Amino acid sequence: MTSTAMSGRTAVVTGGARGIGLAAAERLLADGARVALWDADAAALADASRRLNAGDRAVTATVDVTDPASVEAARDAALAAFGGLDILVNSAGIAGPTVPTLDYPLADWRRVVDVNLTGTFLVCQLVAPVLVGRGWGRIVNIASLAGKEGTPNAPAYSASKAGVIAFTKSLAKELAGTGVLANSVAPAALDTDMVKNMSPEHVRIMVSKSPLGRLGSAEECAAMVAWLCSPECSFSTGAAFDLSGGRAVY
C-alpha cells in the first residue's frame with residue numbers, strides 16, 4: 001500500500017532495525033515520508049537499510065537511547081540530512097528475562113526500565129523540541145498490553161510499558177496547543193522476533209487469551225502507527241490505542 005499522506009514529512013524511528021520499528025519505517029516510507037532509522041544493533045541496522053532500499057529518503061544511525069550524547073548526535077545528523085523533523089516513533093525496547101518478581105535480578109530490572117522507559121523519555125526530551133519549533137508534529141510511543149494488564153514473570157517489562165503509557169499522557173498534556181500530538185500504542189503479542197524467542201507454550205497461552213485467536217503482525221501495528229503520525233489524526237492525544245485482538249479494549 002502506498003500513498004502520499006506523509007509527503008514532505010520526516011520521521012525518526014527508534015528500534016528501527018527489526019520488528020515494529022522496521023515495519024513502521026516501511027509504512028511511513030510507503031506513505032511518502034523520509035525516515036531516520038535508529039537502532040543499537042549496527043549489523044541489523046545495515047540489513048534493515050538494505051531491505052528498505054529507499055536511497056536518500058532513509059538514513060541510519062547506531063544509537064543507544066539511554067545515552068544523551070548518542071541521541072543528540074543522531075538527532076543532529078538527521079537534521080543535517082533532512083533539514084527538519086516532524087514525527088517521532090519510539091519503538092526501541094527489550095523484553096528482559098522471564099523470571100518471577102521475587103527472583104528478578106536487579107541489574108536486569110534496571111536495564112529494562114532504562115531502555116524501555118528512560119530511553120523513551122530521553123528521546124522525546126531531545127527530539128520533541130524540534131517538532132514544537134516547527135509547530136506541527138506527531139509522537140507515537142510503543143507500549144504494550146503488558147503495561148495495561150501486567151504480565152506474570154515479566155515485572156520490569158510490564159512496569160516499564162505502564163510507565164510509557166503514563167509518560168505519554170503527561171507529555172501529551174504538556175504539548176497540547178503546540179501542534180504536537182503524542183499517543184501510545186499497546187500491542188498484545190505480535191509475530192516478531194521477540195515472540196519467536198519465547199517458548200511455544202507461552203505463545204499458545206497468549207494466543208488463547210485473544211478473542212481473535214491469533215498473533216498480530218508488525219504490519220498491523222505499523223498501520224495504526226502510520227495513522228497516528230498522519231495529519232488525519234488531529235483530535236487524539238495522550239491516548240493508549242489498543243492492538244490486542246480484542247483482549248483489552250480500554
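Structure notes:
- Look at the stretch 48-59: where a residue is more than 11 Å from VAL13 (Cβ to Cβ) and at pLDDT 95 or above and a partner is of a type in the set (Lys, Arg) and crowded, with 16+ Cβ neighbours inside 10 Å, sitting 6+ places away or on another chain with Cβ atoms under 7 Å, you get ARG57/ARG34.
- Qualifying residue in the stretch 93-100 (condition: open to solvent by less than 40 Å² (accessible area, probe 1.4 Å), in a loop (DSSP other than H, G, I, E, B) and within 20 Å of LEU22 (Cα to Cα)): yes
- Tabulated pairs, the stretch 29-43, first more than 9 Å from THR60 (Cα to Cα), second open to solvent by less than 10 Å² (accessible area, probe 1.4 Å) and of a type in the set (Ser, Thr, Tyr), C-beta under 9 angstrom, 6+ apart or interchain: ASP31/SER230; ALA33/THR10; ARG34/THR10
- Pick from the stretch 198-238, criterion among the small types (Gly, Ala, Ser) and in contact with a Lys or Arg (Cβ under 8 Å, 6 or more places away or on another chain), ranking: farthest from ARG9 (Cα to Cα): SER210
- In the stretch 127-156, the residues that are farther than 22 Å from MET224 by Cα and in contact (Cβ under 8 Å) with a residue 60 or more places away in the chain: ALA156
- Of the residues making up the stretch 225-250, just one is in a loop (DSSP other than H, G, I, E, B), open to solvent by less than 50 Å² (accessible area, probe 1.4 Å) and not small (Gly, Ala, Ser), namely CYS233.
The values are calculated or read from the model by the stated rules, or taken from the named source; none is laboratory data. Remember, it's a predicted structure, so these values are computed and weren't measured experimentally. No Cβ is skipped: glycine too gets one built from the backbone with ideal geometry, and neighbour counts run over all protein chains shown. Ligands, DNA and RNA are excluded from the accessible area calculation, which covers all protein heavy atoms including side chains. Shrake-Rupley method; radii C 1.70, N 1.55, O 1.52, S 1.80 Å.
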